[in-house]
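The values are calculated or read from the model by the stated rules, or taken from the named source; none is laboratory data. All figures in this text were calculated on a predicted structure; none of them were measured in a lab. Cβ coordinates were reconstructed from backbone atoms using ideal geometry, including for glycine residues, and neighbour counts include every protein chain displayed.
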Amino acid sequence: MALRTLLLAAANLLIPVAILIFATGFFPYKPFMPGLAEYEKLGWEDAMGWKEGSVPEAPFDKLVFMVVDALRSDFVFGEESGMTFVQSLIREGTALPFTAHAASPTITMPKVKAITTGSIPSFLDVILNFAESDTTSTLSTQDTWLAQLKAKKGGKLVMYGDDTWLKLFPGFFERADGTSSFFVSDFTEVDNNVTRHVPEELLNSDWNAMIMHYLGLDHIGHKAGPRSPNMIPKQKEMDDIVRDIYSAIENEDHLSKTLFVLCGDHGMNEGGNHGGSAAGETSPALVFMSPRLRDITPHTNRVSPTKPKEGGGEFEYYRMVEQSDIAPTLAGLLGFPVPRNNLGVFIKELLAFWPNRIDRLRLLLRNARQMKRIVEATYPSLNYGDDSRALGKECEPPLSDGQELACKWRGVVDILSASSRHITADLKIDQLYWFMDAAQEKMSSTASNYDVPRLTTGTALAFVSVVLTFFTLPALRPFTPSGIAYALTLILYSVLMFASSYVEEEHNFWYWAVSGWFFYLFIAESRKEWQSKFIFHPAIMLLITHRIIRRWNQTGQKYAGADDIVHSGIFHGRSSFILWALVGATYMDITIRVSRHIARSIVVFDKNSNSEDPQAVDANRFLGVVAVLPLGATAFIFKLAFTARDAPELTYGINQGLIQWVEDLSLVDVARMVFAGTALSVVWIMISEWKRKRDRRGEGSGDLAIALFDLLSLFIITQTKAQNIPLYLLFRFQFFFLSLLDLSPAAITTTTLLLTQTSFFALGNSNAISSIDLSNAYNGVSGYNVLAVGALLFLSNWAGPLYFTAASSLLLSALGRPRRNIAMDEVDSRDWVQKEREHLERMAKSEEEGRKRRENGEAWGRHVALVTLWVGVATASVMVACTSEVSVCDGVGDRISFWGYAGVRIVGLGGGKVVGGLMGRIEA
Amino acid sequence: MATTVLNSHPKPRAPATPTDVLPTDAAQLYTHIHPILVLSLYALQFPSIVADPVPALATALVPLGILQIAYVAICLPPTGGTATPVVDKKKPGSGAGEKGKKGGMRGTIIPGFLSLIVVSIVIAPLLAAILVLFGAPLTTHHAHTLLAAAHISFLATLPLVYVHGVDGAAWRDIIALLRPVDEVYGGMIGGVVGAWLGAVPIPLDWDREWQKWPVTIVSGAYVGWAVGKMVGGFLKGRKIGFE
């Protein structure tokens, strides 16, 4: 027993350690080059005839940089676009259109980093995007085109829009007005706050860069998807702003040399979300605009509106460039050195501003030299000299990534050093692009920055954990169907980790497995006893609730945006009272449950009555309800107030007077009241149960566990979106039906593991980072508190798994079963006396079994062993899949899946052990 | 620790026996040819089912129904209304064949047709409901689901209805997997499990036409039925243990 506990503890400790080591190898911290870039030394002065330190003249001196959040390429270039003015500019050649490939993670903060530094953001930035307060992630110390523009003589920046920029660039802006994107229901105000500054700023001549970041279009996407009726009007609104700015550039003297860039930071998928690496998400538009462009675009594609490129992706309009290319291109066009950490390549079409080939070469060579520094830092052992005579082995196959780049750099060196007249400047330009494109590809690709030894160590540790757990497992024989189901699910799941298409569609696996498992439970129960009303068989009811639960939220990639219960309209607009009736029922159910516990606690402290007497408890029920109702009502009002701001379309069916009243409440204060009330109830019930246990001479009743579970449910639904709260009513039904079935411990383990996974996906989560829901992470938090926000974020996104892990402890201890007196009524209605006796005996036996399980902890130990094995095997297989087959974890967006798996399990185990430990052990 | 389920279920009825294929030469031969015929017919129609499931599945029901009636008429003993006559019939041995021949069309084809009607009216809608519970679309594709259910029930349950009739006790045992295995019962289990396994390829990103609803689960049911029928024949008389 002691050895087993020791092994299990070690196995559980190993899992987070393994994940941590693996993660540091998988998301290595990229060292960046500090300091502001200066113009690179050119070299080859004799061969090329240029003077060291000379800079080609820049065609522009001012920049208007307009970011429209989630501006997908087709929103500007497509045939259904509302941006007709931009399209007219493309036709007349004063606008140069591109699709700018945005590498995943397609979230605003990392994408702003990519646009401004030209580098590929690391996974660390994703985490920091969520913990926005963190100041270590600011770009104030990094080299960006903002820093370069500010460093120029008389450089002044102004910024209006998304306050991400203000956080990333503290103290950079002369004038600024930030808007927050916390409530995505705001389509208009958030943009008007930007637009109102535009006319006066266009009259000011003191700035050399104006940055605008509009959020409204992204909000519309999040709310209603790319086909929302609000989408085209919003595009027209953006188009009008472009028209205003463009005509100012045409007419105002001080703006005559202004470059106007319009771009999206990322796109959106068919569901209107972003974060992953689907074509829609990674294809924002990019347009360079200026009257001066007319001279250089006679030969470019001026067709607009148009269709995506033949043979290209679904959203590939015109030429596809990288988002990181924006930084070096701006550097060239506005005349400043390319930022140090840039991995972008100057956009070829814009080279035409310099008719002299030598100017073009100077520009590109500096771009290439800057990139070469990063390549050198990554592969320090290779030769990147300027001397072609020091021939190394760079070009002998087989070539590693580093050798290939070194070889291509050799090519650059050779061609620049060559004195032959046959080698034209254009050839040299091609050679430079050849090197830079390769460097961009290699340095941006994920594989190049893995730390393989750490990956291997992490994976090995996960395997060690599996092996340790293996020795703690209960005897494998005899085979039970539950054991076989457990093993089969685990094996299948591990195999599925290697099928990249199932990573996005993982929910389907769980939904499928759970249906099969519930049907098996029906058959297994039918073998013991046939129930004449088989439609109402608990297992069939489980199947029916499961069917509703799985349609609640559409998740995954393949059918993203398909209709589900939440989006079907039965909860929207006028009929939203249906939703609130269900939400109210959920709160009412929990309130009544908690009131029962409070009633019991009143009896405990009443000297005249016996707390084991159900009648005495019932007599205090009213008092209990009176005591708990304020908490339940506050929690409900908090949800209503939050939803009225976050998703007003879900509250149109509610009395508008009530809505106006709750809208005036301070969300932070109300949330704190709910949390404090819940915490107070926990403490109160713990004290009363402790006293009760002492009165019973140390014999626990299991009531504390149930009380904690009910209060946990209250906390969990406070952390859940209103439209998902009825799911917890359904989960409660499932829990009830499961408690009606006479499940073996192994069956309980298998069931709850399956439901843990199912609930995660049913709540609308998926393995894509875009499904992470931030809205409830700030409940009761004012200002910035990384720890609190992180904890709430975790709890609100993994609430379903937590719920079922806690439920598993109750089921395992046979707690929360219908009490015997309730069962008696059922028994009385039966005809056969014999049946009655059998039933009673079985009830007594199962209660007794449950008590025994609680007491000796054997079943609990087995449960923990099986869950630990599950976590270990799943972690190990995700790690192996990620290491061996990059496509599974390709792109940082999908890497979140890894965190998803790990997260579910850590919470499942950690939370399950804390809660379950309280319930299963202390109560024994 | 492991309590056998059968002990806790005292049964007043005679123990159930596996269904035997009739001892005539034709029956013994056709029972092996039948799955080949059914599967080849399905394979033949597969392209049109993929192209347009509803009309193709509806058309395919006709030959499937005919083949299944032929199979039960040739190979299986019809129900006698209760469970006992089936047992009775087997005792005379060669007499059963005579009796079967004497009954001719009226004795076998008509019960076959009756089974078909029971299956279409009762079991197919029930199965469609179960399909929906397992995740079939609820608001769309009604014809698809109903036809899929019809195919699965024709394959898996028509012979069972023919052999056991509408005897409630027998059907309870069938659902609870308490009957001894035989090729008819094995075919049912195989068909249902096959249909369930058939759902696996649907979410994969292969973008094939045949991944659409309900092609994969119908195919799974056909293959599963054939395999189950064969395995059931091998393991005849065994009971399914759940302990």
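Remarks
- Qualifying residue in segment A:461-482 (condition: within 14 Å of chain B (Cβ to nearest Cβ) and within 18 Å of A:A874 (Cβ to Cβ)): no
- The set of residues from segment B:170-180 being surrounded by fewer than 22 Cβ atoms within 10 Å (Cβ to Cβ) and in contact (Cβ under 8 Å) with a residue 12 or more places away in the chain comprises B:A170, B:I174, B:L177, B:L178, B:P180.
- Across segment A:539-565, the number of residues qualifying as touching a Leu at 6+ places or on another chain (Cβ under 9 Å) and either away from chain B (no Cβ under 14 Å) or among the small types (G, A, S) (or both) comes to 2.
- Summed over segment B:147-170, residues that are closer than 11 Å to B:Q68 by Cα and at pLDDT below 90 total 0.
- In segment B:149-175, the residues that are over 19 Å from B:A195 (Cβ atoms) and away from every other protein chain (no Cβ under 14 Å): B:Y162, B:V163, B:H164, B:G165, B:V166
- Selection within segment A:564-587 - surrounded by 21 or more Cβ atoms within 10 Å (Cβ to Cβ) and assigned to a helix (DSSP H, G or I): A:S576, A:L579, A:W580, A:V583, A:T586, A:Y587
- For A:K528: the one exception among (1) buried (at least 17 other Cβ atoms within 10 Å of the Cβ); (2) facing chain B (nearest Cβ under 8 Å); (3) over 20 Å from A:W552 (Cα atoms): (1)
- Flag for B:K229 being more than 12 Å from chain A (Cβ to nearest Cβ) and surrounded by fewer than 20 Cβ atoms within 10 Å (Cβ to Cβ): no
- Counting residues in segment A:378-397 that are at pLDDT 75 or above and either in contact with a strand residue (DSSP E or B) (Cβ under 8 Å, 6 or more places away or on another chain) or not in a loop (DSSP other than H, G, I, E, B) (or both) gives one or more.
- The set of residues in segment A:314-337 being assigned to a helix (DSSP H, G or I) and either farther than 12 Å from A:K348 by Cβ or not β-branched (V, I, T) (or both) consists of A:Q323, A:S324, A:D325, A:I326, A:A327, A:P328, A:L330, A:A331, A:G332, A:L333, A:L334.
- Verdict on A:S494 being part of a helix (DSSP H, G or I) and more than 14 Å from every other protein chain (Cβ to nearest Cβ): yes
- Scanning segment A:669-711 for residues that are exposed (fewer than 14 other Cβ atoms within 10 Å of the Cβ) and closer than 20 Å to A:G632 by Cβ yields A:D669, A:A676, A:A679, A:L680, A:V683.
- Residues (more than 8 Å from every other protein chain (Cβ to nearest Cβ) and either over 40 Å from the mean Cα position of the chain (by Cα) or aliphatic (A, V, I, L, M) (or both)) located in segment A:512-525: A:A513, A:V514, A:L521, A:E525
- Any chance A:S595 is modelled with pLDDT of 85 or more and either within 14 Å of A:R692 (Cβ to Cβ) or among the small types (G, A, S) (or both): yes
- Among the residues of segment B:123-144, those identified as within 14 Å of chain A (Cβ to nearest Cβ) and hydrophobic (A, V, I, L, M, F, W, C) are B:L126, B:L127, B:A128, B:A129, B:I130, B:L131, B:V132, B:L133, B:F134, B:A136, B:L138.
- The residue of segment A:456-476 that is surrounded by the fewest Cβ atoms within 10 Å (Cβ to Cβ), among those that are small (G, A, S) and more than 20 Å from A:W860 (Cα to Cα), is A:A460.
- Selection within segment A:72-115: residues that are of a type in the set (D, E, K, R) and assigned to a helix (DSSP H, G or I). The member of this set that is nearest to A:P291 (Cα to Cα) is A:E92.
- Residue match in segment A:615-624 (condition: without any contact (Cβ under 8 Å) to a residue 24 or more places away in the chain, facing chain B (nearest Cβ under 10 Å), in contact with a helix residue (DSSP H, G or I) (Cβ under 7 Å, 6 or more places away or on another chain) and more than 29 Å from A:N767 (Cα to Cα)): no
- Scan of segment B:232-243 for residues that are in a loop (DSSP other than H, G, I, E, B) and more than 14 Å from chain A (Cβ to nearest Cβ), ordered by number: B:L235, B:K236, B:G237, B:R238
- Whichever residue in segment A:197-250 is of a type in the set (D, E) and over 32 Å from the mean Cα position of the chain (by Cα) and, among such residues, is farthest from A:N269 (Cα to Cα): A:D206
- Selected residue (criterion: farthest from the other protein chains (Cβ to nearest Cβ)) from residues of segment B:176-196 that are among the hydrophobic types (A, V, I, L, M, F, W, C) and closer than 18 Å to B:A150 by Cα: B:V184
- Residue match in segment A:658-666 (condition: assigned by TED's automatic domain parsing to the domain that holds A:S796, closer than 27 Å to A:F735 by Cβ and assigned to a helix (DSSP H, G or I)): no
- So A:F479, is it hydrophobic (A, V, I, L, M, F, W, C), surrounded by 15 or more Cβ atoms within 10 Å (Cβ to Cβ) and not in a helix (DSSP H, G or I): no
- Annotation for segment A:488-510: no member residue is closer than 22 Å to A:A10 by Cα, hydroxyl-bearing (S, T, Y) and within 36 Å of the chain's Cα centre (by Cα).
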